[in-house]
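Asks: Quick one: this structure, given as structure tokens, is what I'll be asking you about.
The values are calculated or read from the model by the stated rules, or taken from the named source; none is laboratory data. From a predicted model like this one, the values you see are computed outputs, not experimental measurements. So basically every Cβ, Gly included, is an ideal-geometry build from the backbone, and we count neighbours across all protein chains shown. These accessible areas exclude ligands, DNA and RNA; they are computed on the full protein's heavy atoms, side chains included. Shrake-Rupley method; radii C 1.70, N 1.55, O 1.52, S 1.80 Å.
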Amino acid sequence: MSYLENAQELQQMIGQGQMMEALDKFYHDDVTVTEVANGEVRHGKEAQRKAIEGWQGMVKEIHGGGCDSICSDEENGVTTAETWVDVTFREGGRMKMSEVAVRKWQDDQIIDEKFYYNMPS
């Protein structure tokens, strides 16, 4: 599969609520994930799993979401995805969040991922 096809399948799985299955399939055990907005860096698939579990624990309801665009640099093994999600949090408040994910692939797994988004004010 191409990196673009992998990225499309990853986003499809996430959109279907299969975040953990996508993590297991597409993330390298030694992945580094950086949330650029707050400077948080996670090392390893298990650290990312805990971050996803934490996110899921904060969410009361998802009202919608999607992927506006995906692009791929096949030669350098890099994909980007522009996504959004409309959520209500358990502690109150509904928000539409947008982000861009830049993923560096090694073979068919993500070895480095950076998330770019604006922090809520």
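Asks: Hey, could you check segment 74-85 for residues that are farther than 14 Å from Tyr116 by Cβ and without any contact (Cβ under 8 Å) to a residue 40 or more places away in the chain and say which is surrounded by the most Cβ atoms within 10 Å (Cβ to Cβ)?
Replies: Taking the candidates together, the pick is Val85.
Asks: Quick check on my filter: what residues within segment 86-113 are under 16 Å from Gln11 (Cα atoms) and open to solvent by 70 Å² or more (accessible area, probe 1.4 Å)?
Replies: Matches in segment 86-113: Ser98, Lys104, Asp108.
Asks: Trp55 is checked against (1) open to solvent by less than 30 Å² (accessible area, probe 1.4 Å); (2) modelled with pLDDT under 95 and fails just one. What number does that condition carry?
Replies: (1)
Asks: Inside segment 1-46, can you point out the residues that are among the β-branched types (Val, Ile, Thr), touching a helix residue (DSSP H, G or I) at 6+ places or on another chain (Cβ under 8 Å) and open to solvent by 40 Å² or more (accessible area, probe 1.4 Å)?
Replies: The one that is among the β-branched types (Val, Ile, Thr), touching a helix residue (DSSP H, G or I) at 6+ places or on another chain (Cβ under 8 Å) and open to solvent by 40 Å² or more (accessible area, probe 1.4 Å): Ile14.
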